[in-house]
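Notes to accompany the following structure.
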Amino acid sequence: MKFKGGKWEDRGNYRVMKVFDIATDSFVQIVEIRGKVGKHYHLNQTEVFVIMDGGGRLGIGDEEWDVKAGDILLCRPKSIHFVESDFVRILVFKYGWKPDDTVWLE
């Protein structure tokens, strides 16, 4: 199945577009960030981040990286993470998603 485009959902400093539903608790989305997505974590969800375009600073747990296109990162449940960037586009694979699973710390 080939992605044929979708609809952006604006969330302030970032926006998301669902690409594929995989199962009731798993999907793929594109996230574009301009600014900061503050520290948060997910109770159940695992995320795989694939940097598609742009770059910035991404932190997971006690580690932080300057990321660029081609980088791939794993974020396990309960790992605090954040992103800061003038512009970055990330393909995000979400596994174990549940409603109200996000805990915002800032």
Matching residues, region 4-17, being within 23 Å of N44 (Cβ to Cβ), in contact with a strand residue (DSSP E or B) (Cβ under 8 Å, 6 or more places away or on another chain) and not in a strand (DSSP E or B): none
Residues being in contact with an Asp or Glu (Cβ under 8 Å, 6 or more places away or on another chain) and not aromatic (F, W, Y) - total across region 3-17: 3
Residue within region 42-50 that is over 14 Å from the mean Cα position of the chain (by Cα) and within 21 Å of M1 (Cβ to Cβ) present: no
Options E84, E32, E64: the member that is in contact with a Lys or Arg (Cβ under 7 Å, 6 or more places away or on another chain), modelled with pLDDT of 95 or more and surrounded by 18 or more Cβ atoms within 10 Å (Cβ to Cβ): E32
Members of region 36-56 that are of a type outside the set (D, E, K, R), out of contact with any Cys (no Cβ under 9 Å at 6 or more places or on another chain) and within 18 Å of I80 (Cα to Cα): V37, G38, H40, L43, N44, V50, G56
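The values are calculated or read from the model by the stated rules, or taken from the named source; none is laboratory data. Note that the structure is a prediction, hence the values are computed from the model and not measured. Every residue, glycine among them, receives a Cβ derived from its backbone with ideal geometry; neighbour counts consider all protein chains shown.
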